[in-house]
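Have a look at the structure below before the remarks.
Computed from the coordinates by the stated procedures, all read-outs in this text should not be read as laboratory data. Everything numeric in this text was worked out from a predicted model, so none of it was measured. For neighbour counting, all protein chains shown are included, and Cβ atoms are generated from backbone atoms with ideal geometry for every residue, glycine included.
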């Protein structure tokens, strides 16, 4: 009720944008993982009433290990999803026409974390070693990188032995793998929290080697974007979300606490979320939501260079649009 | 008959696509009913075949007519194409998951359970001690044990074998223990009067009477073994295997490939179950439940 009153008030305030039927427009957002600071911008926009000011009722739907956001989108369970570009483009090629409408994350937080005593000093040394990675659409950047380095992923002395890890860093800690894929804002700190000191590790950031692919972007179904009302709703959603991100980047500590409040599982800890927020702020810094076409092209090129088993077989057409961000930034 | 036509016409007013589906369904039903009544030659095989084909036809029609997105439910024809195009991949996954994981675990788990049942049968002490432990292991959820077993036994097939052993042990044990109790006291007394020793009684009397129970256990475990081996791969695996493939193909929304793997699992499961049922038929021909077949 409180939400309804608030949004009704906001609706009046926003004047021209008000909808004819007097109800706040609804947006269902599917996250690609559980509630954590990686999604702080959206929770901040919700908590600080930025969505209400745009006359939007936003439902944030947390993801999890067995939730594929594109499938939720296809099934009508959400209006927009957050997704990494490789996985979204793969979904697009497999018959789900999703379109990038905004790109809050301008940098990649993906990196390889290796034991320093494994003798790996640069990515080319990976041949003959074991790497653990999570698979669920997140493995594409790694496969492309190895293909560019001409390192096979079928094992052997001159190839990488690839393991499909569960969703923790145990394979690295147990030394079942010499390297593991980690995010600067999440898994890396799980390794540190397990009692490993940073100088026992070597890390290779995808961003530093020019093989990074775009991560958390906002995607919607192509057919919906033909509807001007939907585009307007998305523009307001993106505008409020980017306000949320700007606030979160300026007030990382408060943002992390807001995220913790919304974590219904109670699984997240304050220390971890504070650190995550600090790292995530670096990834969104300098972005206004508008997709950088050069970064898009680099992502597509990286994915197309996937060797014998490329992630996408042809350069996608119409996989992004500036319509929404242009409208959002017009004010 | 008139009622069926009327129903189709009524539905057609609302939605011609639903009416078409209904018509196909009712038509196939009528065909099957007629074949069963008129005792058409080969009806015992034809009826289930027609039923299966009807389901596939309805699936294909529904997906096409209602334009269901392939990432929600692919058509059977698309699944068949994916199956045909990926036979080498499906084969290495089959070898990894079914042959090296499920089957090895099945044989090991059922074998150990059988030996444990023999031991329990001989000792009241074990009966009080082992059965509760078996029960305890059976109650462990696979999502809890699989990650731990992967950590203990590595990412390869050995951890999948361990998961399968843990899953099939208890159902097999309970059935085998019950089976060992099946022979009557009077039958055992008769063996005693023949001066048969323990092993002779076991081989000639008690194992044969236990057979229906042993096969019950083996049949239940045949499907459990497949589920265990596939699900365990979700929690860690090399880059091959049916569970691994299902997981990554869901990630890239290639649902036709996911269904192709499901088809392989269904075929393998039915095959193993059928093999057990066939062996049961051969070995327990004397059992009352099979007598009617020869009428």
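For a test of the definition: using alpha carbon positions, the gyration tensor, and the 1.5 limit on a/c, classify chain B as rounded, prolate or oblate. Because a/c hits 1.5 or more and a/b fails to exceed b/c, chain B counts as oblate. Would you mind classifying segment A:41-192 by shape? Square roots of the alpha carbon gyration tensor eigenvalues, ordered a ≥ b ≥ c; an a/c under 1.5 is rounded, otherwise it is prolate if a/b is larger than b/c and oblate if not. Cα axes put segment A:41-192 in the prolate bin.
Could you work out which residue, out of A:255, A:246, A:165, moves most in a Gaussian network model of chain A, that is, has the largest mean-square fluctuation with Cα springs under 10 Å? Between A:255, A:246, A:165, it is A:165 that shows the largest mean-square fluctuation. Multiplying the residue separation of residue A:292 and residue A:315 by 0.36 nm and removing their Cα-Cα distance gives an extension gain of 6.6 nm.
The angle separating the long axis of helix A:270-284 from the principal Cα axis of greatest extent in chain A is about 80 degrees.
Averaged over the residues of peptide B:62-69, the number of Cβ atoms from other protein chains lying within 10 Å of each residue's Cβ is 1. With a simple spin-label model that places each label point 7 Å from the Cα along the Cα-to-Cβ direction, the separation between residue B:18 and residue B:6 comes to 1.9 nm. For the residues B:244, B:114, B:66, a GNM of chain B with alpha-carbon springs under 10 Å puts the largest fluctuation on B:66.
Prolate is the label for chain A, because the ratio a/c of its alpha-carbon gyration tensor axes (a ≥ b ≥ c) is 1.5 or higher and a/b is greater than b/c.
Note on B:244-257: average number of Cβ atoms from other chains within 10 Å of each residue's Cβ is 6. Cβ-to-Cβ counts within 10 Å put B:100, A:175 in ascending order as A:175, B:100, the fewest first. Taking every alpha-carbon pair under 8 Å whose residues sit at least 6 apart, segment B:220-295 reaches a relative contact order of 23 percent. Helix B:16-37 axis versus longest C-alpha principal axis of chain B: approximately 50°, rounded to the nearest ten. When B:219, B:204, B:160, B:247 are arranged by Cβ crowding within 10 Å, least crowded first, meaning fewest neighbours, the order is B:204, B:219, B:247, B:160. Estimated from helices alone, the mean residue ellipticity of the protein assembly as shown at 222 nm is -18000 deg cm²/dmol (sum of -39500 (n - 2.57) over DSSP H runs with n ≥ 4, per residue). Taken residue by residue and averaged, Cβ atoms of other chains lying within 10 Å of the Cβ of A:89-96 number 5. Using a Gaussian network model of chain A whose springs link C-alpha atoms within less than 10 Å, name the residue from A:213, A:265, A:57 with the highest mean-square fluctuation. Taking springs between Cα atoms under 10 Å, the residue moving most is A:265.
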